[in-house]
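Working notes for the structure below.
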Amino acid sequence: MSMTSIEITHSVTRAGSALGFTLFIGTWAFLFFKHKRKFTALKKKKYLVPYLFGLGVMVLASACTGGLLGLVSGFTTGSGNQAGTLVSQGMVGGEGTVAVAQHGTLTYSGSWIALIIFGLACAFCWFAKHMGERVLMLSGAVTGATWGLSISLGGLAAFTGVPLANWIGGLIIG
């Protein structure tokens, strides 16, 4: 992988997964400390909805094999892998370039469900009342495109979300 250009890929590396996990912990730790160390603040819908929406969109988009969704999610995963490699080299002294992704793909009907959810996410960002909602959604999207695709605990989103979208797409679209 060249460090001068971003590779479009759907295969998350160990460094990308670590970056996604760090972003996940960092986002929720920031909110925890911002609200005077109260866990009740983390359960508010104004934080959960944008973050989980972004995470879910990118997990489903990464399961698309091509098109616009595949390009957007592949760019985000590749960016996360590259950023994770740079942070790994500077902070922990390793590269972490081993692939740790699980590869589930959406069916044709499931891809349409992912496209609809992606459109809703774009509308959510466009009509968001505050910049904080957009930042939370972006944080969730990067986490979903990296840690959400791994074979670790974070991969639970891909393990359940992709078959669920395929099933819903099969029921609604056929």
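The values are calculated or read from the model by the stated rules, or taken from the named source; none is laboratory data. None of these values were measured; they are calculated from a predicted model. Please note: Cβ atoms are built from the backbone with ideal geometry, for glycine as well, and neighbour counts cover all protein chains shown. The protein model used for the area step is the full one, side chains on, heavy atoms only, and it has no ligands, DNA or RNA in it. Shrake-Rupley method; radii C 1.70, N 1.55, O 1.52, S 1.80 Å.
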### Query
the chain: longest stretch without exposed trypsin sites (Lys or Arg not before Pro) (DSSP loop, at most 13 other Cβ within 10 Å), sites themselves excluded?
45-128
### Task
For an R0 of 30 angstrom, estimate the FRET efficiency from the Cβ-Cβ distance between ARG37 and MET91 and round to the nearest 0.05.
0.70
### Summary
Among GLY54, LEU68, LEU164, the residue whose Cα sits farthest towards the positive end of the charge dipole of the chain, when +1 is placed on the Cβ of each Lys and Arg and -1 on the Cβ of each Asp and Glu, is GLY54
## Note on the structure
Taking the chain, the whole-percent share of alpha-carbon pairs separated by over 26 angstrom is 29 percent
### Query
What is the spin-label model distance, in nm, from SER152 to TYR108 if the labels are put 7 Å beyond Cα along the C-beta direction?
3.8 nm
### Task
Work out the count of Lys pairs in segment 15-164 where the Cα-Cα distance is under 19 Å, with the pair 8 or more places apart or on different chains.
11
### Summary
With the 1.4 Å probe rolled over protein heavy atoms, the chain has an accessible area per residue in Å² of 56 Å²
### Query
For CYS125 and TRP28, what is the calculated FRET efficiency with R₀ set at 25 Å and r taken between the beta-carbons, to the nearest 0.05?
0.75
### Message
Quick check: with the 1.4 Å probe, what order do ILE113, ILE168, ILE151 take by accessible area, largest first?
### Response
ILE151, ILE168, ILE113
### Query
What are the residues whose amide H is under 5 Å from the amide H of THR13, where those residues sit 5 or more places off or on another chain and H is modelled from the backbone?
VAL100
### Heavy-atom accessible area order for TRP147, TRP112, largest first, 1.4 Å probe
TRP112, TRP147
### Summary
Over the chain, the sum of -39500 (n - 2.57) across DSSP H runs of at least four, divided by residue number and rounded to 500 deg cm²/dmol, gives at 222 nm -23000 deg cm²/dmol
### Message
Distance between the C-alpha centers of segment 77-133 and segment 1-47? Whole Å please.
### Response
11 Å
